[in-house]
Amino acid sequence: MIKEQSKVSMQRLPGVPAGGIRTVGQIRGTNNLTFHAGQNGMAVAIELLSSHTPGAPVLDDQNEFIGFVSEFDVLRALEAGKDLAEMTVDQIMAQDRIAVMSETTIEEAVKLMEEKRLLNLPVKKNGKVAYSVTRHDLLRAWIGLGTSGED
């Protein structure tokens, strides 16, 4: 009886579409931060800290996804004795362009994040990075909490 009641109550949550949230494109990501090639390394580090964001995609002049910069990347640069004020984000970022399409299922996104040990995952819509989802976003969507991008 309790199990049936919880199913019904989950379907009535505000922001959760009928049938539940199935793809990352249905999630309104909590990380809209992006950086642009050429941005100063110290400014990037400060923005990551002030926004409480562990990382963000890096875009070129045509807003194409060229890499991802994380707090780990910044820490690696500091550990190597680099001066962030003398670096650009392109010199700090990981050049792996790991991203998913908006049609990617939540399950596939979780597996990719686990395999690659990612904290954020850029989501592409219409060929461009629109936002990133976090593990928190995926967990919230999987259990049916939070706001979807389709309300």
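Remarks
- Condition broken by Y131, with the remaining ones in (1) crowded, with 18+ Cβ neighbours inside 10 Å; (2) under 14 Å from the mean Cα position of the chain (by Cα); (3) at pLDDT 95 or above satisfied: (3)
- Reported count of residues in segment 112-127, each being surrounded by fewer than 14 Cβ atoms within 10 Å (Cβ to Cβ) and at negative phi, is 3.
- Filter result (more than 18 Å from G55 (Cα to Cα), surrounded by fewer than 18 Cβ atoms within 10 Å (Cβ to Cβ) and not aliphatic (A, V, I, L, M)) within segment 85-111: E86, S102, E103, T105, E107, E108, K111
- If you go through segment 49-62 and pick out every residue that is surrounded by 12 or more Cβ atoms within 10 Å (Cβ to Cβ) and either over 13 Å from the mean Cα position of the chain (by Cα) or over 20 Å from V123 (Cα atoms) (or both), you end up with 3.
- Pairs are defined by a Cβ separation below 9 Å, a sequence spacing of at least 6 or placement on different chains, a first member in segment 64-84 that is crowded, with 18+ Cβ neighbours inside 10 Å, and a second member that is assigned to a strand (DSSP E or B) and among the hydroxyl-bearing types (S, T, Y); the pairs so defined are F68/S132.
- L48 at pLDDT 60 or above, part of a helix (DSSP H, G or I) and either under 30 Å from A85 (Cβ atoms) or not acidic (D, E) (or both): yes
The values are calculated or read from the model by the stated rules, or taken from the named source; none is laboratory data. Note that the structure is predicted; figures quoted are calculated from it, not measured. Note that we place each Cβ from the backbone using ideal geometry, even for glycine, and neighbour counts take in every protein chain shown.
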